[in-house]
1. What ³J(HN,Hα) values, in whole Hz, does the Karplus curve 6.51 cos²θ - 1.76 cosθ + 1.60 give for segment A:16-25 when θ = phi - 60°, with x put for Gly and Pro?
2. With the radius of gyration and the Kirkwood radius both derived from the Cα set of chain B, what is their ratio Rg to Rh?
3. Using a 10 Å cut-off around each Cβ, can you sort B:Arg109, B:Arg88 from fewest to most neighbouring Cβ atoms?
4. Which translational diffusion coefficient, to the nearest whole µm²/s, is obtained for segment A:124-173 from the Stokes-Einstein equation, given a Kirkwood hydrodynamic radius over C-alpha pairs, 4 °C and 1.567 mPa s?
5. Work out how much length A:Lys12 to A:Ala113 would gain on full extension: take 0.36 nm times their residue separation and subtract the Cα-Cα distance, in nm to one decimal.
6. When A:His121, A:His71 are ordered from fewest to most other Cβ atoms inside 10 Å of their Cβ, what list results?
7. Excluding same-chain pairs closer than 8 in sequence, count the lysine pairs in segment B:35-194 whose Cα atoms lie under 21 Å apart.
8. Quick one: what do you get for segment A:1-60 if you divide its Cα Rg by 2.2 N^0.38 Å?
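Read the figures in this text as sums done on the coordinates, not as results from a lab. Everything quoted here is computed from the prediction, not taken from an experiment. Reconstructed Cβ throughout: ideal geometry from the backbone, glycine too, with neighbour counts over all protein chains shown.
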Amino acid sequence: MQPKQDFIQTIKENEGIIYKITRVYAKDREDQRDLYQEIVYQLWKSFDTFKGQSKISTWMYRVALNTSIAHLNREKRKGQMVSADFEFLDHLNAATGKIQEPELEAVGADWQAQIDLLYAHIQQLNLIEKGLILLFLEGKPYDEIAAITGFSVSNVGTRLSRIKLKLKKNIQN
Amino acid sequence: MKILWEEMSVKVSKQQQLTDQLIMEMTQQKYSNKFSKLFMYEASGAVVCYIMAIFMLVNMGKLDTWYLLTCGILCVAFLAILPFLTLRSLNRMKGLQIANYNYKETLVRFAKSKKKVLLLQRLVLYISPLFFLIVIPVMGKMFNNKDLFQSDASAFPWVFVGVFFVFIILFSRWGYGCYQSMTNSAENVLKELDE
């Protein structure tokens, strides 16, 4: 019973991480649901193997990002049966600008538009760049980004500088 | 950009949406996995191929000339080996242990596996017209006891064969284009990781 409760607690504490990753990697809303479920499933599958040698968030980022790569390498599913109720994703999307809801107008249309644009620019990046910029925006230090991605710390720095330049250029255009 | 992201993260963290029940439902994988579905399609195809191969092996005795026997053996070889290789490569992709690798390793493994699958599928694409050419005389002999190499040329369904052959070539060319672009994208990932 304990691992199950620990897992639920871990997911609840870090559900924002999963949400942001799915929004960066998924093609559309339906795909976002599939990816969300797949990430939770993969986290559950490998929860026993988490030995606590790294931070729980580092492990979560690693599994979630790897699942996203695997997800992109699979064929588009047709007529899938999602068992869970994914209304919560719509609330999160609404709160962060992906879809508009009248009761959330207070959030500010400009702010929502900016968030949409931010995601749109990140989605234009390639797979390597997406993973790195996401971790950078999450405020992870270079050594933790290196631990999650497998690049050396100096390589993380070089790549991030290039990605920032690329994003800047894209935004200006 | 970072400030905006931080603001958004604060909003997301305030929206605790998941319930215990929902989390556990997601761990059950009640939904049909995409990859399992692809694997199922390929496995069904493999079953059909193996049934055909068994049928040919059982009737191999009917192939009484060296050229028909050669065609028969080649057909059985194609039908037995290609599905096996396809299923093995898909199984390897499916079996990757996600938690054991970092992001870079996962990208490399998927790009390499993808290249292998694409190479194999391209091979299948090239072999299909050849298979089509050799399976007709074999089936002609097995079903009708007719040696199409020896029989009257006017009795042969040339129009049907011609149309089908053109279709296979066009389909192969289209498939080649698709595979080429997918292979390029896998190669680009590998190249960029090396930088």
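1. x, 4, 4, 4, 5, 5, 5, 6, 6, 9
2. Checking Rg against Rh, the ratio lands at 1.17.
3. Ordered from fewest to most neighbouring Cβ atoms within 10 Å, B:Arg109, B:Arg88 come out as B:Arg88, B:Arg109.
4. Details: Rh = 10.9 Å.
Diffusion coefficient, whole number: 119 µm²/s.
5. Length difference between fully extended and current span is 33.6 nm.
6. Ranked by crowding around the Cβ, least crowded first: A:His121, A:His71.
7. For segment B:35-194, qualifying lysine pairs total 20.
8. On the way: Rg = 12.1 Å, N = 60, 2.2 N^0.38 = 10.4 Å.
Dividing the Cα Rg of segment A:1-60 by 2.2 N^0.38 Å gives 1.16.
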